[in-house]
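Right, one structure below, let's go through it.
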Amino acid sequence: VAKRNGRDRYEHFSPEMDEAARKRCLVEMDLREAITQHQLRLYYQPITQGSQGEIVGYEALMRWHHPVKGLIMPLDFIPVAEETGLIHSLGAYALHEACREAASWPHDQSVAVNLSPMQFKNSALVTTVEAALKESGLAPHRLEVEITESVLLDNNMTNIHTLQKLKNLGVRIALDDFGTGYSSLSYLRSFPFDKIKIDKSFISDMQDSRESLAIIRAITGMSRSLDIQITAEGVENVEQFKRLQEEGCSLFQGYYFGRPQPSELLLRRDAP
Ligand code: C2E
Ligand code: MG
Ligand code: MG
Ligand code: MG
């Protein structure tokens with residue numbers, strides 16, 4: 001942290017920083033407009049179960065259709081939204097929109113919404129989730145929220161209580177990008193997660209890296225004893241799919257099964 005502060009301070013005086021700050025400011029102005037002008041849209045990527053690729057739900061992934069710049073991906077605007085506090089309205093939009101959409105899907109399909117760690121700083125988060133469920137009429141167990149390990153950093157009790165409140169509503173909680181943080185295993189002790197999503201870097205590596213495969217194996221083994229579901233993220237080919245099945249993964253997500261798409265293009269109930 002000290003190192004990063006030092007670097008920030010250095011950057012503060014560099015011409016590059018002015019450029020970066022200016023750019024961020026422009027994105028911020030644009031992003032405010034994006035929210036009011038309805039330029040943000042959710043795309044949905046299928047999550048499948050078993051060898052037949054039955055679709056059991058979708059993850060909602062945000063896209064920005066900029067009137068001039070075209071399609072902008074989350075990594076190019078979520079960080080700005082987090083820095084500026086716009087993540088709260090953006091996040092509320094995602095929750096409301098995803099629940100509204102999912103309410104029209106078959107009742108055995110769920111929707112997963114990503115929550116930024118920043119959203120946990122807003123005490124209204126639980127109320128927002130409740131409102132999204134109520135307005136849409138979606139059964140709470142059909143909503144899943146995806147969080148990353150940073151939400152639990154330093155055993156943050158406030159955030160753990162918030163997660164517990166969400167769980168009490170009936171919402172499912174998934175730990176996203178698992179394996180990429182620092183002390184992954186200890187986080188499983190701080191909260192009873194419903195699901196773990198193995199980060200896609202392990203999946204893309206598993207055919208060449210014994211280490212990645214070993215880690216996948218350890219995660220699936222552990223999840224069996226803890227009774228937590230495992231999703232393999234970023235499955236791109238049939239070899240990975242087969243291997244992951246052998247390793248005991250039951251849920252899958254990746255380009256092999258389908259790319260994120262606008263809701264009107266979803267081919268519902270289709271196997272890959
Ligand atoms: P994530 O939650 O881990 O989502 C999975 C990312 O992997 C998505 O990137 C998805 O398009 C991509 N992906 C899926 N299958 C494959 C595959 O087979 N191969 C490869 N290479 N990639 C695959 P995307 O849509 O660019 O989103 C990136 C990140 O942005 C997400 O990572 C999530 O952390 C964040 N994000 C997206 N939408 C939202 C949102 O509504 N709210 C918040 N707070 N964050 C969001
Ligand atoms: Mg996710
Ligand atoms: Mg992920
Ligand atoms: Mg990710």
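Nothing in this text is a laboratory measurement; each read-out follows from the coordinates by a stated rule. Fair warning: this is a prediction, and the values are worked out from it, not measured in the lab. We place every Cβ from the backbone using ideal geometry, glycine too, and count neighbours over all the protein chains shown.
The spacing between segment 81-143 and segment 162-201, judged by their C-alpha centroids, is 17 Å. When Y187, Y58, Y256, Y44 are arranged by Cβ crowding within 10 Å, least crowded first, meaning fewest neighbours, the order is Y256, Y187, Y44, Y58.
Give the shape of segment 120-272 as rounded, prolate or oblate, defined through the alpha-carbon gyration tensor: a ≥ b ≥ c are the square roots of its eigenvalues, a/c under 1.5 means rounded, and otherwise the shape is prolate if a/b is larger than b/c and oblate if not. Note, shape of segment 120-272 comes out oblate. Along each principal axis, taking the top coordinate minus the bottom one, the Cα set of segment 56-156 gives 41, 36, 22 Å in descending order. For segment 155-196, the Cα gyration tensor yields ellipsoid semi-axes of 18, 12, 7 Å (square root of five times each eigenvalue, largest first, whole Å). Here K195 is the anchor, and the lysines within straight C-alpha reach of less than 30 Å, apart from those fewer than 8 places off in the same chain, are K121, K134, K165, K167, K242. Simple rule: put +1 on each Lys or Arg Cβ and -1 on each Asp or Glu Cβ in segment 161-254, find the dipole, and look at M222, L166, Q207; the Cα lying farthest toward the positive end is L166. Simple point charges give the picture: +1 on the Cβ of Lys and Arg, -1 on the Cβ of Asp and Glu, and for the chain a dipole about the Cα centre of about 380 debye. Within the chain, the proportion of Cα pairs with more than 36 Å between them is 16 percent. Based on the Cβ-Cβ distance from R41 to A124, what FRET efficiency comes out when R0 is 25 Å, to the nearest 0.05? Efficiency computed from Cβ-Cβ geometry: 0.60. Binning all Cα-Cα separations of segment 200-272 at 10 Å, short to long from zero, yields these whole-percent fractions: 19, 49, 25, 8, 0. Could you work out how much longer the chain between N155 and N168 gets when fully extended? Use 0.36 nm per residue separation minus the Cα distance between them, nm to one decimal. Working it through step by step, the gained length comes to 2.7 nm.
Neighbours of T158, meaning other residues whose beta-carbon lies under 12 angstrom from its beta-carbon, give a summed charge of +1 when Lys and Arg score +1 and Asp and Glu score -1. For segment 136-213, the Kirkwood hydrodynamic radius from C-alpha pairs, put into Stokes-Einstein at 10 °C and a viscosity of 1.306 mPa s, yields a diffusion coefficient of 116 µm² per second.
Near Q119, once Lys and Arg are set to +1 and Asp and Glu to -1 for all other residues with Cβ below 13 Å from its Cβ, the sum equals -1.
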